[in-house]
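Everything below concerns the one structure shown next.
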Amino acid sequence: MNKRELYFLLKEKYNWNEGKINNLLEGITAIVETDGNLKEEIQELAKDIELLNKSYPVDYLIGWKEFLGTKIYLQYKPLVPRPETEYWVELAINTIKSENKKILTNINVLDIFCGSGCIGISIIKKIKNVTVTFSDISGNALKQTRYNLKQNNIIKGFNVIKSDVFKHLPKQKFDYIFANPPYVAIRAEVGKEIFHEPSKAIWGGDDGLKIIRTFLTNLKDFCHPKTKIFMEFGEDQNEDIKNILENYGYVFEFHKDQFGKWRYISIKLNTF
Ligand SMILES: C[S@@+](CC[C@H](N)C(=O)[O-])C[C@H]1O[C@@H](n2cnc3c(N)ncnc32)[C@H](O)[C@@H]1O
């Protein structure tokens with residue numbers, strides 16, 4: 001546990017004010033108040049601190065995470081949305097906006113591997129005339145997506161479908177596809193917090209590319225000639241992904257994240 005996590009926990013879950021938090025963090029105040037509620041709160045806080053010390057994600061304790069200005073709830077424990085994802089999704093949304101300035105027809109977007117729904121929900125909130133299909137193999141992820149849609153007062157303009165990659169999706173051509181698949185290699189060194197997140201959201205087989213391969217192999221059936229695809233991948237996977245893509249004749253560009261690491265790719269069937 002670090003001080004920053006504890007600070008967020010106390011602020012967002014326990015609604016403590018700055019003074020009280022700082023007193024605790026600086027060790028000035030021993031919390032010995034006898035008020036019944038406070039005792040319960042302190043007991044709960046002690047449990048939370050124990051969990052933080054075991055690298056349990058602070059965002060699960062708080063119960064939500066902000067993603068592109070939207071509150072994304074996490075009570076069904078999907079993958080915690082990451083700032084690296086937020087970064088490329090914002091850029092991709094700007095691309096869609098600039099490519100569709102004059103188009104008034106509906107834009108069809110697929111948020112495959114949707115998890116909490118953070119990507120598709122941001123798209124619905126930021127782009128007019130859009131229909132988003134959310135899909136994931138995990139029932140909990142889909143429950144979370146539905147919950148987050150409801151919490152954000154989104155009642156139309158979406159479908160939620162349980163599917164193993166593309167297998168159970170109706171044959172449809174999407175205008176844009178957003179994909180953040182599980183891509184961590186089984187033996188990769190990872191932070192301890194990852195072991196508290198759903199394994200399906202993280203692991204991509206021996207080389208991390210198992211789900212990515214299935215995705216790229218079946219992608220064409222869901223694309224028309226102008227479809228644009230954005231996909232996140234793990235650090236150092238760009239060369240392997242390049243090799244896979246060259247087998248399919250796609251046109252693609254790799255992009256770096258906010259930390260200067262190759263992190264996502266945009267793909268088209270033909271030219272950009
Ligand atoms: C890295 S998480 C991405 C979650 C969310 N889109 C985000 O960016 O925070 C990957 C998601 O893929 C889902 N998933 C794993 N294997 C899958 C498969 N074979 N078919 C469909 N979804 C799968 C997991 O359940 C998980 O929700």
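Just a few scattered comments:
- Applying a threshold of 8 Å to beta carbon distances and a minimum spacing of six or more residues, or different chains, the list of pairs starting in region 165-183 at a residue that is in contact (Cβ under 8 Å) with a residue 60 or more places away in the chain and ending at one that is more than 14 Å from the ligand (Cβ to nearest atom) and open to solvent by 60 Å² or more (accessible area, probe 1.4 Å) reads 175/226.
- Whenever a residue of region 142-163 is of a type in the set (A, V, I, L, M), its partners that are in a loop (DSSP other than H, G, I, E, B), lying with C-beta atoms within less than 7 angstrom and at least six residues away or across chains, give the pairs 149/117; 161/168; 161/169.
- Every residue from region 219-250 that is surrounded by 16 or more Cβ atoms within 10 Å (Cβ to Cβ) and of a type outside the set (A, V, I, L, M, F, W, C): 227, 228, 232, 234, 237, 238, 240, 250
- Residues in region 122-179 that are within 14 Å of the ligand (Cβ to nearest atom), polar (S, T, N, Q) and open to solvent by 30 Å² or more (accessible area, probe 1.4 Å): 138, 140.
Conditions tested, residue by residue: (1) modelled with pLDDT under 85; (2) of a type in the set (Gly, Ala, Ser); (3) buried (at least 18 other Cβ atoms within 10 Å of the Cβ).
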| position | (1), (2), (3) |
| --- | --- |
| 6 | no, no, yes |
| 15 | no, no, no |
| 33 | yes, no, no |
| 55 | no, yes, no |
| 63 | no, yes, no |
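- Given (1) open to solvent by less than 10 Å² (accessible area, probe 1.4 Å); (2) more than 19 Å from residue 133 (Cα to Cα); (3) part of a strand (DSSP E or B), number of the condition residue 254 does not satisfy: (1)
- Filtering 77, 47, 71 for residues that are open to solvent by 70 Å² or more (accessible area, probe 1.4 Å) and within 13 Å of the ligand (Cβ to nearest atom) leaves a single hit, 77.
- Among residues of region 61-82 that are more than 20 Å from residue 232 (Cα to Cα), those with a Cβ under 8 angstrom from a residue that is open to solvent by less than 20 Å² (accessible area, probe 1.4 Å) and part of a strand (DSSP E or B), sequence gap 6+ or separate chain, pair up as 64/72.
- Entry remark, region 87-121: residues being near the ligand (Cβ under 9 Å from one of its atoms) and assigned to a helix (DSSP H, G or I) number 4 in total.
- For residue 211, the requirement of being surrounded by 12 or more Cβ atoms within 10 Å (Cβ to Cβ) and either part of a strand (DSSP E or B) or under 20 Å from the mean Cα position of the chain (by Cα) (or both) is met.
The values are calculated or read from the model by the stated rules, or taken from the named source; none is laboratory data. Computed from a prediction, not measured in an experiment: that's the story for all the values here. In this analysis, Cβ positions are derived from the backbone assuming ideal geometry, glycine residues included, and neighbour counts consider all displayed protein chains. Heavy atoms of the whole protein, side chains included, go into the accessibility calculation; ligands, DNA and RNA do not. Shrake-Rupley method; radii C 1.70, N 1.55, O 1.52, S 1.80 Å.
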